[in-house]
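Following: one structure in structure tokens, then a few remarks.
The values are calculated or read from the model by the stated rules, or taken from the named source; none is laboratory data. Computed from a predicted structure; not experimentally measured. Cβ placement follows ideal geometry from the backbone for every residue including glycine, while neighbour counts extend to all protein chains displayed.
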Amino acid sequence: MKKKASVLVVDDNETNIDILMGILGDEYEVSVALDGERALEVAGEQPPDIVLLDVMMPGMDGYDVCRRLQEKESTRKIPVIFVTSRGEVEDEAMGFEAGGVDYITKPVSPSIVRARVRTHLNLKRYSQELEHQNEVLRENARLQEEIEQINRHDLKNPLSAMISIPRMIIERNGVTERQKDLLLLIEEAGYRMLDLINRSLDIIKMERGIYHIDPVPVNMVEVFEKILREIKPITDGKHIPVTLFLRDKPVSGGESFRITGEEFLFYSLFVNLLKNAVEASPDGRPVKVFFEGVKRPVVRVTNDGAIAEEIRGRFFDKFCTYGKKGGTGLGTYIARLITETLSGKIGFETSEETGTTLTVTFPPSL
């Protein structure tokens, strides 16, 4: 047999109590209290599912009782309906400010009392069910995060060794230029795999706003050189030259442009932007990268293609893609997420006449 919901009726007038018990007694387990102190004792010993509370009582009035119920963890979530002869707007406002969920004026209507009690008990039940579902989701997210941390740890150790070996071989004598290029490709592929492993969990943390940055100065020229080696098959296939500019002068080798952050974050951010720029550029047309600014570092990526009008308003949104077969629509979203995590700003200008410029501006320090 289904257990009846419990109702605590608080009123210093026994006639009023008899009326409410007559209205609710057949459907609910009704307990009573004749004053505020006793009401708090009853609610503390066995919290009811709902309280019907008179306002005007000797000693502690209904507003004070409600506030006291709100202060205790065990009684905070009990819905309180004020039942009183005071029906002014100011009285209702005071009731809601004290923590009440509803307000019924005397003389009471049996149908209204039953409807209000039923409604707030249902709302309480729905709230509890929702809280339980949220708790299950939080626990699932926690378990998922733990599993991903374990998987990431198990994958990173052998991968780190794989990344370090090509550089060790290159530093030895007798390595040809062709062999050096192949070893660098292996190294870059390893970095890319490591980036994917790191990013799977890091993106979740960034979306939650709990990602912790360990900032260090990073040479963006070296980062882009690694990216260019990775996307070389794409640039070669489309015959697209990519040129790096340091304050309007082409980078010739050995230059440095440092931004404070994390290398893997910068790599993930700009591999998405540069790859997108190359894919969007007409064949044979140049893609250019500009490193600018002194106090506030700025990186601009330009190409001669234009962003489709259909997606310009949501270009950095999650799953936004247009006209690219197999595209996930995550590249620019991840770029925005990383930029914001680094306390930077990202934006674009685009037109059919001038092409597209993506601009990422970083703070002086993190």
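Could you tell me whether residue 228 is in a helix (DSSP H, G or I), in contact with a strand residue (DSSP E or B) (Cβ under 8 Å, 6 or more places away or on another chain) and under 17 Å from residue 346 (Cβ atoms)? Taking the combined requirement at face value, the residue does not satisfy it.
Keeping to the range 73-84, report how many residues are in a loop (DSSP other than H, G, I, E, B) and surrounded by 13 or more Cβ atoms within 10 Å (Cβ to Cβ). Explain how you work it out, then say what you get.
Taking the range 73-84 as the starting set, the residues that turn out to be in a loop (DSSP other than H, G, I, E, B) are 73-79.
Right, trim to surrounded by 13 or more Cβ atoms within 10 Å (Cβ to Cβ) and you get 75, 77-79.
Residues meeting the conditions: 4.
The residues listed here are 258, 314, 300, 336; of these, the one that is within 29 Å of residue 197 (Cα to Cα) and either in contact with a His (Cβ under 9 Å, 6 or more places away or on another chain) or free of Cβ contacts under 8 Å to residues at least 12 places away in the same chain (or both) is 314. Of 89, 117, 101, 108, all but one fail to be over 27 Å from residue 3 (Cα atoms) and either assigned by TED's automatic domain parsing to the domain that holds residue 15 or in contact (Cβ under 8 Å) with a residue 12 or more places away in the chain (or both); the exception is 89. Do you know which of the residues in the range 339-354 that are loosely packed, with under 13 Cβ neighbours inside 10 Å and touching a residue at least 40 places away in the same chain (Cβ under 8 Å) is farthest from residue 262 (Cα to Cα)? Within the range 339-354, the match that is farthest from residue 262 (Cα to Cα) is 352. For the range 90-146, the set of residues classified as assigned to a helix (DSSP H, G or I) and among the polar types (S, T, N, Q) consists of 111, 119, 122, 127, 128, 133, 134, 140, 144, listed by residue number. In the range 257-366, which strands (runs of 3 or more DSSP E) lie fully inside it and hold 1 or more residues that are modelled with pLDDT of 90 or more, among the polar types (S, T, N, Q) and closer than 27 Å to residue 208 by Cα? Answer list for the range 257-366: 258-261, 355-361. The residue that is surrounded by the fewest Cβ atoms within 10 Å (Cβ to Cβ), counting only those in the range 105-124 that are over 11 Å from residue 55 (Cβ atoms) and β-branched (Val, Ile, Thr), is 112. Scanning the range 288-325 for residues that are touching a helix residue (DSSP H, G or I) at 6+ places or on another chain (Cβ under 9 Å) and among the aromatic types (Phe, Trp, Tyr) turns up 291, 315, 316, 319, 322. Taking (1) closer than 28 Å to residue 364 by Cβ; (2) surrounded by 14 or more Cβ atoms within 10 Å (Cβ to Cβ) in turn, residue 285 satisfies each apart from (1). The lone criterion from (1) loosely packed, with under 13 Cβ neighbours inside 10 Å; (2) aliphatic (A, V, I, L, M); (3) in the same structural domain as residue 23 (by TED's automatic domain parsing) left unmet by residue 69 is number (1).
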